[in-house]
Amino acid sequence: MDCTEELTAIDIVTFISDELQQNYRNSGANKAKVFQEFLERWDSKDNSIAKVKSLQFEFESDLDWFNVSRPLSIAGLRGKVVLLDFFTYCCINCMHVLPELRALEERFPVEAGFVVVGVHSPKFENERTAANILSAAQRYGIQHPIVNDSKSALWRALSIRCWPSLFVLSPDGQPMLLLMGEGHGEFLHDFVDAALSYFDARQKIEHVSLPLQLSTDLKPASNLRFPAKIARLHNRYAIADAGNNRVLIVSEVGVVEHKIGGLDAGFVDGNLMAARFNNPQGVTFLDEHTLIVADTDNHALRQISLQKGIVETLAGTGQQGNERIGGKLGQLQPISSPWDVAVFRTRDMDMSFHVDELNVPEKTIVLIAMAGTHQIWGYFPEGIIWWKFKKFEPRCCVSLIGNGLEENRNNSYPQNAAFAQPSGLAMSKDFLFIADSESSSIRKASLVDGKVMAVVGGDRNPQNLFAFGDEDGKLYNAKLQHPLGVAYNHSDHKVYVADTYNHKIKVIDTETNVIASLVIKNQQDNSVLSFREPSGLCVDASGKNLLVADTNNHTIHIVDLSTLMARRFALDFNQLSSSTSEIDAPLSATRSNGLLLLKQLPLLRHTSSTLQFAIKLSPELKYTPDAPQKWTVKRISPALELKQTTGVLTDGKCTLQVKRLKNVEATRGEVLAIEFSLSLCDAHSCLIKRFSVAIESE
């Protein structure tokens, strides 16, 4: 019997996709030929592909749609190369795919024949609700069409197996590729480019628009937009105002003292007005004048110095990393989606003799919930000898707990434990409490030896990441739904939990590992307060009040823990100085994106052009030996084409060949933006310097 006859159409398209990616990786400079041969084979009467082409499917009727003025259909998308992004908005891997999709949409707009459609296929019950999906779309800046496939009908019809899955359709609506997981950006860019050229030459591309219309029904209720974590030192708070890409420093009565960052996302160090963040989720105080920020979508650890008036990057390159071990210094160490931060201080275990053992100074460790690699990392500002007398160099950033597998695995050995998207941290004296969102559990790690233990929620089976619900109780009998925030109260030794997808605040008795829901009422009318995906918590200095970031309601509440009555924590922006307020003034595209406009060039008036870049360093700087000096095209006009969109500098130089495409209209303005990432060293340290340049048309 022929084994291929037992394969389903999805099995075949999966095999074809894997084969094409393997050929692409092995093709060297012949990538265009690989795609041409694939497309010709796909367009032929190949029997194996014929079964794939016969697959019939369509969106169900009466589904909720976002970012369109009317529902779309597979049949109505004929004439477009269509990418269906099967995602669920809780998934960190799905979040990692969004920048790749955004780059594709910028390079190949709808009128060029390419469209992305997000097919939201929920994991959690909470993710079936249309309003919550709309909030997520706004939070993540998704502008392409999204359909709420709340019952996962299309997921099942196509036998999709995991989030994210990218399903590419031909202009005839027939499956061509199925890519699973993240990291397909470069491959998809080259494939879509080849597919559009191939089908356009055969007059199968429709250069028409679609009924796109951003869904903006949900408006922020205050100056906050999707607030995330809250931190406190003495009577001062820091708020990660994630949707506004900034950090707020606030007094105990709500007076906003500093706004750091701006409404436009970016990755810029410098003074407090010029600095830029991208969806910062976590924040903590290092001391009275210094804060640490988990700059999530910049994949970076940042430091704010209020005394010096500057923001600097401690770790991360601005690009998503995938390392599970780490250990490099500062900005040389790439990291992945840090979601929260906490500070732990301990004595150096150097075994040296101290005359006064009671006054040995403690050293600082910044603990990081590394959601992207499912681990807990550490950043060491001073360097220290710690667990098992291991030496950690000053400014190193390294994995501490978790092996990188996505599991709910507790273990006495920190590197044998595993997490599932850790998203919230809270410190007691010797324990780190962790909101492990994708396992729907709260866990704790001993900072004496790294042992990881269960607290509440999840399942005894470490691979069961679907043990969620809404049940109070003890240990595994309790059920949570994607908790994102935790706070430890040093007054009563209880842990408060933002049970995010259950829209509740709960409290854990740390002696018994029993969790209970809190019925919190509105102080104004005594009604039960309705949270919407709360994600950040903070106990005030007295231990008697709890601040709650009510994320999708764009509000912060302060809850009296004795009466469980809540009032809005109103923020007063009026006492900021004018110089500080300018941070929110509309900025030009060049400044807000950290771009340096070189000059206007006639790239649209010539059939081909050659661009040469030469970078000169100041005398005290040198290129780091053996480290790649990279350049990457971030944006390009649809009317232009580059043979190569990424590469490395040679002796500080690179050359780009630019081709003007025929019959493609272009408008004046920015036509090309290129990012440079340089690994540099001076006499004392090494760093990564990243900057972008933009070229406008004449």
> Over the heavy atoms of ARG156, what accessible area does a 1.4 Å probe trace out, to the nearest 10 Å²?
Replying inline: 150
>> What does the charge count around ASN410 come to, taking other residues whose C-beta lies under 11 Å from its C-beta (Lys +1, Arg +1, Asp -1, Glu -1)?
In response: +3
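Suppose all protein chains stay in the model; what accessible area per residue would a 1.4 Å probe give for the stretch 84-190, in Å²?
Each residue of the stretch 84-190 exposes 27 Å² on average to a 1.4 Å probe.
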> Probe 1.4 Å, all protein chains in place: accessible area of THR284 in Å², nearest 10?
Replying inline: 20
>> Taking the 0 to 90 degree range and rounding to the nearest ten, how far is the long axis of helix 92-107 tilted relative to the main principal axis of the chain, both from C-alpha atoms?
In response: 40
> Carbon-plus-sulfur fraction of the accessible area of the chain, 1.4 Å probe, in percent?
Replying inline: 49
> Which whole-number percent is the relative contact order of the stretch 497-572 (Cα, under 8 Å, 6+ apart)?
Replying inline: 24
> Seen from all sides and averaged, what is the projected area of the convex hull of the Cα atoms in the stretch 412-534, in nm²?
Replying inline: 7.6
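Report the percentage of all Cα-Cα pairs in the chain whose separation exceeds 42 Å, rounded to a whole percent.
The answer is 29 percent, as a whole percent.
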> Sorted from largest down, what three extents in whole angstroms do the Cα atoms of the stretch 102-243 have along their principal axes?
Replying inline: 67, 31, 29
> Using mean Cβ contacts within 10 Å as the protection proxy, how do 551-557, 473-479, 450-456 order, highest first?
Replying inline: 551-557, 450-456, 473-479
> Once every DSSP H run of n ≥ 4 in the chain is given -39500 (n - 2.57) and the sum is divided by its residues, what mean residue ellipticity at 222 nm do you get, rounded to the nearest 500 deg cm²/dmol?
Replying inline: -4000 deg cm²/dmol
> Among 425-433, 649-657, what's the highest-first ranking by average C-beta atoms within 10 angstrom per residue?
Replying inline: 425-433, 649-657
> Taking Cα pairs under 8 Å and at least six residues apart, what relative contact order does the stretch 272-418 come out at, in percent?
Replying inline: 17
>> Can you tell me the convex hull volume per residue for the stretch 322-475, based on C-alpha atoms, in Å³ to the nearest whole number?
In response: 106
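Explain nothing, just the number: relative contact order of the chain, from Cα pairs under 8 Å at least 6 residues apart, as a whole percent. Don't skip to the end; give the middle numbers.
Details: 1735 pairs, mean separation 58.6, N = 698.
The value is 8 percent.
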> Between SER54 and GLU362, what FRET efficiency comes out of the Förster formula 1/(1 + (r/R0)^6) with R0 = 45 Å and r the beta carbon distance, rounded to 0.05?
Replying inline: 0.10
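The values are calculated or read from the model by the stated rules, or taken from the named source; none is laboratory data. Source: prediction; values computed, not measured. Note that we place each Cβ from the backbone using ideal geometry, even for glycine, and neighbour counts take in every protein chain shown. Areas reflect the complete protein model, heavy atoms only, side chains present, ligands, DNA and RNA absent. Shrake-Rupley method; radii C 1.70, N 1.55, O 1.52, S 1.80 Å.
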